[in-house]
Every structure is written in structure tokens, then in C-alpha cells.
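The values are calculated or read from the model by the stated rules, or taken from the named source; none is laboratory data. Just so it is clear, the model here is predicted, and its values are computed rather than measured. Quick reminder, even Gly has a Cβ in these numbers, built from the backbone with ideal geometry, and neighbours come from all protein chains shown.
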Amino acid sequence: MTITSKRKKDFYISNRQEKNPLEHVKEAGADILQSPKFRSSKWNIQHGTTSVMRHSINVAKMSVMITEKFSIKCNRDEMIRGALLHDYFLYDWHDKEHVGLHHLHGFYHPGVALKNAIEDYELTPREKDIIEKHMWPLTLKTPKCREAWIVSAADKYCSFLETVRLIKGRINTEKEDRKKNRKGIPNA
């Protein structure tokens, strides 16, 4: 099937009218993005040179991008909130006090993140599923909802890009998202 130039133009116009994924993240996760505990995670490195805070924002944005690209119906707000909190373990797993557990971080941090998130936020069952099961298949806890599957996939993709330094701390989706002084999101 050939797409005419008019149809291509319509396709691009409709995509431009869609919100930037960052705007969805800012709306659904405003309280999380502004919380002192979440913001403190900008000092902890997750992958390569990417902070835990920036990684969590990248995963939330990538999750939105996946749902839009593949027209996946889901609860976008709960998916975004779960993505922002999926690594809410609130410590630097590279610190000396965590050296003995360093190699086990992938196994136990989802439980720590879930415990911390439950203490600080009122979570839905879907958000809990996202946080607890985002490390599948490593943890062998299979996601139950499509939002958890999407966040799990986005997490792996972002982790790969951050680890091999194909992106330096963030996923850029639009020109204004590239500006250093981004309103509504703390610098990472």
C-alpha cells in the first residue's frame, strides 16, 4: 500500500498536534517530580552518567512514546506515575555501604522502591504492579497489566541507551525539551 504525499502530510500534522511525551509526564507526575525525595535521586547515578531521577523521567517519556507509536490503549497516568517511581529506592547503589549487595541490586531494588513509594504516595494496584515487576524476567515476577509490560520494556531500552552512552542522561523529543532550563522538571 502506497501512502500519498497528502496522507504523509496529514500523518505528520496529526503527530505534531499530539502532546510532547514530557508534557504528559509533567501533568500526570507533577507531585512526584516536585517532591524532595524524588528530586534527591538526581545525585545518585543509575546507568553510565545518568542519574536515577533522569532515568526515571526517561522511562516515563519512553513509555508514553511506545503507547503512542503502537496505539496501545492503557491508563497513561498510572503508567507514567509507576514509571517515575519504578526506581524509587532512594540510595546510591554504588556507595561503599552497598558494595556487598552491589551485585544483587537488580533483584532487591523493586521491593525497596515499592516500599518507599507506598510510604510516600497513595498507589493504585496498577502502579504497584509496575514498580514491583519492572525487573522481569530477572526477578521472575511477571507483570500483570499492560502498563507494567510497557514500563518494563521502556526501562530496558532506556537502560541500554544510558549504559552504552547513546544518550547522556535524557531522551530528547522536541526542541524545547532540549533547553537547559526546563520548567516543571528539576535539573538532573
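Look at (1) under 21 Å from A153 (Cα atoms); (2) at pLDDT 65 or above and you find that I32 fails only one, number (1).
The single residue among A117, A154 that is modelled with pLDDT of 90 or more and under 19 Å from N44 (Cα atoms) turns out to be A117. Within the stretch 120-151, being at pLDDT 90 or above, among the acidic types (D, E) and within 15 Å of the chain's Cα centre (by Cα) holds for E127, D129, E147. Might you check whether a residue that is crowded, with 23+ Cβ neighbours inside 10 Å and touching a Ser or Thr at 6+ places or on another chain (Cβ under 6 Å) occurs anywhere in the stretch 125-133? Checked the stretch 125-133: no residue is crowded, with 23+ Cβ neighbours inside 10 Å and touching a Ser or Thr at 6+ places or on another chain (Cβ under 6 Å).
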